Amino acid sequence: MHSPLIPDDVIARIRSRAAGYDRDNVFPHEDLAELIGLGYLGLFASTDQGGRGLGLAAVAREQRRLAAAAPATALAINMHLVWTGVAKALRDRGDESLAFVLDEAVAGEIFAFGNSEPGNDLVLLDSRTRADRHPDGAYSFTGRKIFTSLSPVWTRLGVFGRDDTSPDAPQLVHAFIDRAAGGYRIEDDWDTLGMRATQSHTTILEGVTAPADRVFRRIAPGPSADPLVFAIFANFEILVAAVYAGIADRALELAVQAAHRRTSLKSGGRPYASDPDIRHRVAEAAIALDALEPQIDALGRDVDELVDHGTRWFSKLVGVKVRATETARVVVDQAIRVTGGSAMSNSSELGRLYRDVLAGMFHPSDDESAHATVANSLLGPVTE
């Protein structure tokens, strides 16, 4: 086990700012600056590159700790870490197509995801964005991307779209665009129930061009064995699971504090920590939460160590994401019940965690998609 990268005093400052960012619906610029100062953008880059040389299991532990202090900050920086984690996973498997991502991350570039689209429940398997090829191999992209976290600060945006030049052989084209490029705009439309500080605005691609050297994949639509698809799913699902586990960690901690702080008049002023019903709630939350750490850590290590789970990989990945997000929601709910009506206050940290944890159900893979993935891996496709 490595020592935590973020010092306790930085964690305390990040936690102290979280409520203000949420209230004001603004991006956590101060948090990002402190994390950059700690080398957080280069967690996955090797020490030879000037990075921290961590693997996915270690980065997930860092993100879990950060999320316990500021969930939206952790979820936002997750998007950068997913791309750098993808680059490392590919490199570990002999694929250098995204080596530049690690180099540029160490140099201070911030990567973000421009993949999610309204009405596209196929996620990475198809796209409603149009990709037009130029004679020199560059591509222009036209479409609408939603949930673009890090919108105020990204310098490199990963996008993908569909090239239908050949009707018999369409291609999904993956590329990075530069913030300085023309041909896109960011809508100021992020005013949400929770995870407000992620500032995940809609991005409208209006023919923005990615140069040929930033077009890094062309894949046929549909299920794919391409290592890129695996690397994205692995890093996204495990790091999202870590963030929501961190929310649950903090919720349980607040529940314990509340149980000791609150007293019961009907029991003669004894603390609620002595009430058997309260004790049962806290224990039930802890038992559920204890199951997450070994799962997240084991799958992260399996990615780091190139373990081959074959066709079971995707079901394992979607499973850990769903279990983490659903468990976190249950733990927060139990913590609110232990804490009582004070959690309803706008100033309550638990109230904010309750709003933040609800976002977990919307990240890919959602509950329905995850169950379909697991069923297909065990039962095969549905027969007509």
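At-a-glance table
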item: Residue check for Ala283: over 22 Å from Leu56 (Cα atoms), open to solvent by less than 70 Å² (accessible area, probe 1.4 Å) and free of Cβ contacts under 8 Å to residues at least 40 places away in the same chain; result: yes
item: Among (1) under 30 Å from Leu292 (Cβ atoms); (2) more than 20 Å from the chain's Cα centre (by Cα); (3) crowded, with 20+ Cβ neighbours inside 10 Å - the single one Asp92 does not satisfy; result: (3)
item: Among the residues listed as Ala70, Ala87, Ala45, the single one being buried (at least 20 other Cβ atoms within 10 Å of the Cβ) and within 15 Å of the chain's Cα centre (by Cα); result: Ala70
item: Residue check, Asp191 at pLDDT below 95, among the charged types (D, E, K, R) and closer than 28 Å to Ile247 by Cα; result: no
item: Segment 111-149, residues that are of a type in the set (Ser, Thr, Tyr) and either at pLDDT below 95 or touching a helix residue (DSSP H, G or I) at 6+ places or on another chain (Cβ under 9 Å) (or both); result: Ser116, Tyr139, Thr148, Ser149
item: Residue in segment 286-296 that is most open to solvent (accessible area, probe 1.4 Å), counting only those that are in contact (Cβ under 8 Å) with a residue 12 or more places away in the chain and in a helix (DSSP H, G or I); result: Glu293
item: Residue list for segment 297-351, restricted to those being over 19 Å from Ala273 (Cβ atoms) and not in a helix (DSSP H, G or I); result: Glu305, Leu306, Val307, Asp308, His309, Ser345, Asn346, Ser347, Ser348
item: Count of segment 195-231 residues which are assigned to a loop (DSSP other than H, G, I, E, B) and surrounded by fewer than 22 Cβ atoms within 10 Å (Cβ to Cβ); result: 8
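The values are calculated or read from the model by the stated rules, or taken from the named source; none is laboratory data. Nothing here was measured: the structure is a model prediction, and the numbers come from that model. Here the Cβ is made from the backbone with ideal geometry for all residues, glycine too, and neighbour counts use every protein chain on show. In case anyone asks, the SASA skips ligands and DNA or RNA and just uses the protein heavy atoms, side chains included. Shrake-Rupley method; radii C 1.70, N 1.55, O 1.52, S 1.80 Å.
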